[in-house]
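These notes are about the structure you will find just below.
The values are calculated or read from the model by the stated rules, or taken from the named source; none is laboratory data. Because the structure is a prediction, the values reported are computed rather than measured. Reconstructed Cβ throughout: ideal geometry from the backbone, glycine too, with neighbour counts over all protein chains shown. Remember, those area values only see protein heavy atoms, side chains included, never the ligands or the DNA or RNA. Shrake-Rupley method; radii C 1.70, N 1.55, O 1.52, S 1.80 Å.
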Amino acid sequence: MDLLDRFLLGDIRALSRMITLVENRVEGYREALGQLYRKAGRAVKIGLTGPPGAGKSSLVNCLVSQLIDEGVTVGVVAVDPSSPFTGGALLGDRVRMSEFPTDGQVYFRSMASRGATGGLSAATDNVSVVLDAFGFDFILIETVGVGQVELDIVDACDTVVVIIVPESGDAVQTMKAGLIEVADIMVVNKADRQGAESVAAELKYTLHLRKIAKDAWTVPVLTTQANQGINVDKLRGRLREHLEFIRANNNFDDHRRLQIQKKILAILSHRFRQEFLDRLTDQIDFDTIVDDVYHGHSDPFQVSDELYQKYACS
Ligand SMILES: Nc1nc2c(ncn2[C@@H]2O[C@H](COP(=O)(O)OP(=O)(O)OP(=O)(O)O)[C@@H](O)[C@H]2O)c(=O)[nH]1
Ligand SMILES: [Mg+2]
């Protein structure tokens, strides 16, 4: 029996192998992923992002416990910026795994952000498609909110939770980093520390000023203490409300359709770029061109125009 058949029968080991295949873009992955795409689309995707150490994993663990109690299945993808490994063999995940049932109701996977071929955002999205096709009801994606790539990752989710901590300057940093733009729910974690309530109030005020339309979703601001599981039930409640809201207002379908369009364009642009650059490097003597620019006889703009005319339009 081949891998896809075993996967479709619900074999967890086949799931792990499929993710590795997709993550590393092993030959044949496109065909397999294409098949899985047709089966995906049922899972609810929740993105959790925020600064390093804010308590994202702690919150994910609490949410997973709640979801398990509700009787639903959960797949978790953690994008780990510090890890050079792929394959989910990290200590943190082993510890986490041991807390939960091993009957397939929950599945954890880490992705190393360094060296992801073809882009981390695409790789994470592909892995979430695999989990979706496997049949998980919920997919939680944890990523450190530090740059555009991480924002792209959570932007593909149905609901985005942004987690910050009360430490001074954090609220300001969050706004600067564009995290507020992507947030459907804001969480100020480590509420046991000083200043949590004032940071929450500051965020509420900023969000109130930013609200674009009267009937738009009001981004709630919660305070939690994830290491003690405090207020995580409230977060679960807000997640449910947000899902109901976007389903009732068509945003859910619109957003998913937009994601499909983005995905097609991303695949195409990756391909165009790759093919064009391959053609260029095969045919061009860069030393001479660089010499010209270096000595002031040409400039990067003119050179690019000429190369584009010659190789992209042919
Ligand atoms: N005091 C306090 N500590 C917390 C709370 N929530 C989490 N922590 C602790 O904060 C530390 C970081 O928590 P994680 O859940 O690993 O944070 P993270 O955001 O996933 O971290 P990275 O994935 O490394 O960015 C751990 O030592 C947690 O036990 C909280 O509400 N209060
Ligand atoms: Mg973490």
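For the reader, a short list of remarks on this structure follows.
- The helices (runs of 4 or more DSSP H) falling completely within segment 197-314 that include 1 or more residues that are basic (Lys, Arg) map to 232-248, 251-283.
- For residue 242, the criteria (1) open to solvent by 70 Å² or more (accessible area, probe 1.4 Å); (2) in contact (Cβ under 8 Å) with a residue 60 or more places away in the chain; (3) more than 25 Å from residue 122 (Cβ to Cβ) hold in every case but one, which is (1).
- Of all residues in segment 269-314, those that are open to solvent by 80 Å² or more (accessible area, probe 1.4 Å) and among the aliphatic types (A, V, I, L, M) total 1.
- Answer from 213, 171, 191 - the residue that is away from ligand 2 (no atom under 16 Å from the Cβ) and at pLDDT 85 or above: 191
- Residues that are open to solvent by 40 Å² or more (accessible area, probe 1.4 Å), among the acidic types (Asp, Glu) and more than 16 Å from ligand 1 (Cβ to nearest atom) within segment 183-232 comprise 202, 215, listed in sequence order.
- The set of residues from segment 64-81 being away from ligand 1 (no atom under 12 Å from the Cβ) and buried (at least 23 other Cβ atoms within 10 Å of the Cβ) comprises 74, 75, 77.
- In segment 135-160, residue modelled with the lowest pLDDT [restricted to those that are more than 16 Å from ligand 1 (Cβ to nearest atom) and surrounded by 19 or more Cβ atoms within 10 Å (Cβ to Cβ)]: 152
- Of all the numbered requirements in (1) at positive phi; (2) more than 13 Å from ligand 1 (Cβ to nearest atom); (3) at pLDDT 90 or above, residue 250 misses one, and that requirement is (3).
- The helices (runs of 4 or more DSSP H) found entirely in segment 1-62 that carry 3 or more residues being farther than 22 Å from residue 161 by Cα and open to solvent by less than 30 Å² (accessible area, probe 1.4 Å) are 12-23, 29-39.
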